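Reviewing the structure listed below.
Read the figures in this text as sums done on the coordinates, not as results from a lab. Computed from a predicted structure; not experimentally measured. Methodologically, a virtual Cβ is constructed for each residue, glycine included, from the backbone with ideal geometry; neighbour enumeration extends over all protein chains shown.
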Amino acid sequence: VQLQASGGGLVQAGDSLRLACAASGSTLSGYHMAWFRQAPGKEREFVQSISRSGRNRYPADSVKGRFTISRDNAKNTVYLQMNSLKPEDTAVYYCAGDYSGGYVNTQEADYEYWGPGTLVTVSS
């Protein structure tokens, strides 16, 4: 599967933004999906994951209540709705897919497929 994230940009603190991750080459319904992010000078970190069916979601504590992952398997797309953005949310955001996992994982090493990131910049 090939993944392509889009929707990043420059916003102000408190604004909202929705990222999209479009898949090609395979049916996305076979993959647990997740968003990760990497801020300047920091390691990549987990943001949120979603099960193949979309019934189960697992957010990181840092985004709980502000970010929501969702998926539309018919459109082969996963989304990340980001509300109440903060300057510390500034990062390159990556979508990732896990085909082989039985459980929905939160670790970077569990995701086999990655797309190029999209930059989100939140100004204060």
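Matching residues to (1) surrounded by 18 or more Cβ atoms within 10 Å (Cβ to Cβ); (2) among the acidic types (Asp, Glu):
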position	(1), (2)
Phe67	yes, no
Arg71	yes, no
Val78	yes, no
Gln81	no, no
Asp98	yes, yes
Tyr103	no, no
Gln107	no, no
Thr118	yes, no
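Within region 58-79, residues that are in contact (Cβ under 8 Å) with a residue 60 or more places away in the chain and on the phi < 0 side of the Ramachandran plot reach partners that are surrounded by fewer than 15 Cβ atoms within 10 Å (Cβ to Cβ) and basic (Lys, Arg) with beta carbons closer than 7 Å, at six or more positions or on different chains, in the pairs Tyr79/Arg18.
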